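I have placed the structure first, in the form of structure tokens, so that the comments after it can refer back to it.
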Amino acid sequence: MDQKLQGYIKDNRQELFDLLRELVLIQSYSRNKKGVDRVGQRIALEIGKMGFSLERSKQENLGDHLIARSPGYEPGKKQILITGHMDTVFPEESSFNWYKEDDHKCFGPGVADMKGGLVVGIFALKALIHTGKINTLPITFIFNSDEEIGSPTSRALIREEADKARLAYVLEAGGLAGEIVSGRKGNFSARLSISGKAGHAAFAGRDKASAILELAHKTLAIEALNAPEKGISANVGTVQGGIGPNTVPDLAKAALDFRFLSDSDGTDLKNRLSGIIEDRTVPGTRAEMEIVSGRPAMPQTRTNRDLFEKIRALANDLETPVVEELRQGVSDANIIASRGIPVIDGLGPLGAKDHSEDEFIDRASLWERSVLFANILAEI
């Protein structure tokens, strides 16, 4: 443990909260390109003071991605990869557009997911610059713009940089009990569309080609795929169809979500789902399905757990204990894990209620996690 790292971050605690406030008050819904780019501009201003090189991956419809590289980075040599996203889930018109603090918590859109994590990463690196350790560390930090919508434009960039890394860290929020993430479930989401034949309900017989009736049968079959004992979940999340109670519906739609612990389970889920889509219960109906997004599973591999144990030892020395977690949700760590390198996630401040207007972080954990992350980069 380096006392100088801890001392620098403690001496600059107010700057951490000032930067957090600035970032949170910039509206950065994933599809608000101007807003996400404003977050990127503020981060670029900070990175520009740190002696890092900075590349911008320009995007037409979504925010640009930033790639920052430390003075110790050398092309062709293995790097340490850090990732964090600048976008949030809250639409531009959302009334959740404020930031506030009290003695124990900070509140605001993205304060946990994951602008707090960006602040942790930036100030950990500043501490390493202060002590001179940064010059020997080959670090690449990706600030991407589209994680909340599945990383459609940053996925290839993350894979490319992961292939050049010896290990990686992702700065999503930690859990309130000190959890950091050594594994995550994989997921995919899909759209289901069923067509039938419209008609007047008063004259419909038992053979009516109701799209909603066929969707009801498929909903039951999809929900039967749930196997919590295997870590598998299947959910019909939204449905829509029909134009009135006296009309046989000729169209019905549903949005589906699936989670799994291993990629083999994910493949099996897709195969069984295809069988459900092909099987027709109501004559005269037809079903189509489109998979719209997904991420591979992030298993709790031996290398991930070994890396976690090293982090736990450092955290214990710093008297900020951590707990290992298998997290149900997905992140860009799933993409990194698919490249076969060790990756640990959940290294941001301790937070909860993300994706809601009650989102918050534990105030003290913002600088405590910055100290921990600086030591992780320096020692591991």
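Values as computed for the structure displayed
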quantity: Residues of the range 103-122 satisfying the condition of being closer than 23 Å to residue 355 by Cβ and either at pLDDT below 95 or assigned to a helix (DSSP H, G or I) (or both); calculated: 111, 112, 113, 114, 115, 116, 117, 118, 119, 120, 121
quantity: Residue under evaluation residue 51, criteria (1) surrounded by 15 or more Cβ atoms within 10 Å (Cβ to Cβ); (2) at pLDDT below 95, criterion not met; calculated: (1)
quantity: Residue list for the range 81-91, restricted to those being surrounded by fewer than 24 Cβ atoms within 10 Å (Cβ to Cβ) and touching a helix residue (DSSP H, G or I) at 6+ places or on another chain (Cβ under 7 Å); calculated: 89
quantity: Residue among 357, 278, 288, 324 that is free of Cβ contacts under 8 Å to residues at least 24 places away in the same chain and either not assigned by TED's automatic domain parsing to the domain that holds residue 147 or not aromatic (Phe, Trp, Tyr) (or both); calculated: 278
quantity: Hits in the range 108-130 (condition: among the basic types (Lys, Arg) and surrounded by fewer than 24 Cβ atoms within 10 Å (Cβ to Cβ)); calculated: 126
quantity: The lone exception for residue 219 - which of (1) of a type in the set (S, T, N, Q); (2) surrounded by 21 or more Cβ atoms within 10 Å (Cβ to Cβ); (3) assigned to a helix (DSSP H, G or I) it fails; calculated: (2)
quantity: The range 1-52, subset assigned to a helix (DSSP H, G or I) and among the polar types (S, T, N, Q), residue nearest to residue 94 (Cα to Cα); calculated: 41
quantity: Filter result (in contact with an Asp or Glu (Cβ under 6 Å, 6 or more places away or on another chain), assigned to a helix (DSSP H, G or I) and within 22 Å of residue 310 (Cβ to Cβ)) within the range 123-178; calculated: none
quantity: Single residue of 100, 133, 105, 78 found to be among the basic types (Lys, Arg), in contact with a strand residue (DSSP E or B) (Cβ under 9 Å, 6 or more places away or on another chain), surrounded by fewer than 24 Cβ atoms within 10 Å (Cβ to Cβ) and over 28 Å from residue 27 (Cβ atoms); calculated: 78
quantity: Residue within the range 166-174 that is surrounded by fewer than 16 Cβ atoms within 10 Å (Cβ to Cβ) and over 30 Å from residue 79 (Cβ atoms) present; calculated: no
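The values are calculated or read from the model by the stated rules, or taken from the named source; none is laboratory data. It should be emphasised that the depicted structure is a prediction, and the values quoted were computed from it without experimental measurement. Using ideal geometry, Cβ is built from the backbone for each residue, glycine included, and neighbour counts are taken over all protein chains shown.
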